[in-house]
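One structure is given below, encoded as structure tokens.
None of the figures in this text is laboratory data; all of them are computed from the coordinates on show. Predicted model only: the values in this text are computed from it and were never measured. Quick reminder, even Gly has a Cβ in these numbers, built from the backbone with ideal geometry, and neighbours come from all protein chains shown.
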Amino acid sequence: MQERFLFEYAVIRVMPRVEREEFLNVGIILFCAKKKFLQSIFVLNEPKIKAFSADIDIEELKANLSAFERISAGSKGSGPIGQYDQASRFRWLTATRSTVVQCSKVHPGFSADPHETLLRLYQELVL
């Protein structure tokens with residue numbers, strides 16, 4: 001039997017009007033310490049987002065989500081937060097905040113392949 005590893009994930013959400021508490025799932029962030037894995041993935045369905053909130057700035061939203069992805073990866077240009085260790089980046093990105101881009105509560109699970117699990121969760125919860 002293949003070894004399974006503890007992982008944590010959250011759903012990345014767009015909440016155009018925070019005061020209404022309505023949101024659209026746009027991505028997933030998944031962290032697995034044992035496999036040294038931290039990755040986020042997102043998609044913007046522009047017609048759906050515009051139907052949800054006609055006045056949202058799509059380009060600004062794309063920039064925010066791209067920064068989220070760069071910080072997850074610890075890429076160049078991800079600023080000081082992107083230089084933290086994986087666990088700290090995951091905690092920072094999934095912290096509760098009152099902005100247009102938010103995350104769900106963090107959920108745990110076990111997986112033999114974190115990347116495969118990320119893609120499965122993305123398919124099930126976002127697409």
Inset, instruction - Mind putting a number on the dipole of the stretch 5-125 about its Cα centre? Charges go on the C-beta only, +1 for Lys and Arg and -1 for Asp and Glu, and I need it in Debye to the nearest 20. - result: 360 debye
Inset, instruction - Just grab the label-to-label distance for ALA87 and HIS107, each label 7 Å out from Cα along the Cβ direction, in nm (one decimal). - result: 2.4 nm
Inset, instruction - Using amide H atoms built 1.01 Å from N in the peptide plane, name the residues 5+ places from VAL26, or on other chains, whose amide H lies under 5 Å from its own. - result: ILE12, ARG13, VAL14
Legend entry - the stretch 46-127, relative contact order [Cα under 8 Å, separation at least 6], %: 15 percent
Legend entry - Cut-off of 10 Å, at most 12 other beta carbons, DSSP loop: longest stretch of the chain lacking such GluC sites (Glu not before Pro): 22-127
Legend entry - Under 15 Å, Cβ to Cβ, from ILE49 - net charge with Lys/Arg +1 and Asp/Glu -1: 0
Inset, instruction - Quote to one decimal, in nm, the extra length available between LYS35 and SER98 on full extension: 0.36 nm per residue of separation minus the C-alpha distance between them. - result: 19.6 nm
Legend entry - Fewest-first ranking of ILE12, ILE58, using other Cβ atoms within 10 Å as the exposure measure: ILE58, ILE12
Legend entry - 222 nm mean residue ellipticity, helices alone, for the chain (DSSP H n ≥ 4; -39,500 (n - 2.57); rounded to 500): -10500 deg cm²/dmol
Inset, instruction - Starting from the Cα of HIS115, step 7 Å along the direction of its Cβ; do the same at ILE56; then give the gap between the two resulting points in nm. - result: 2.9 nm
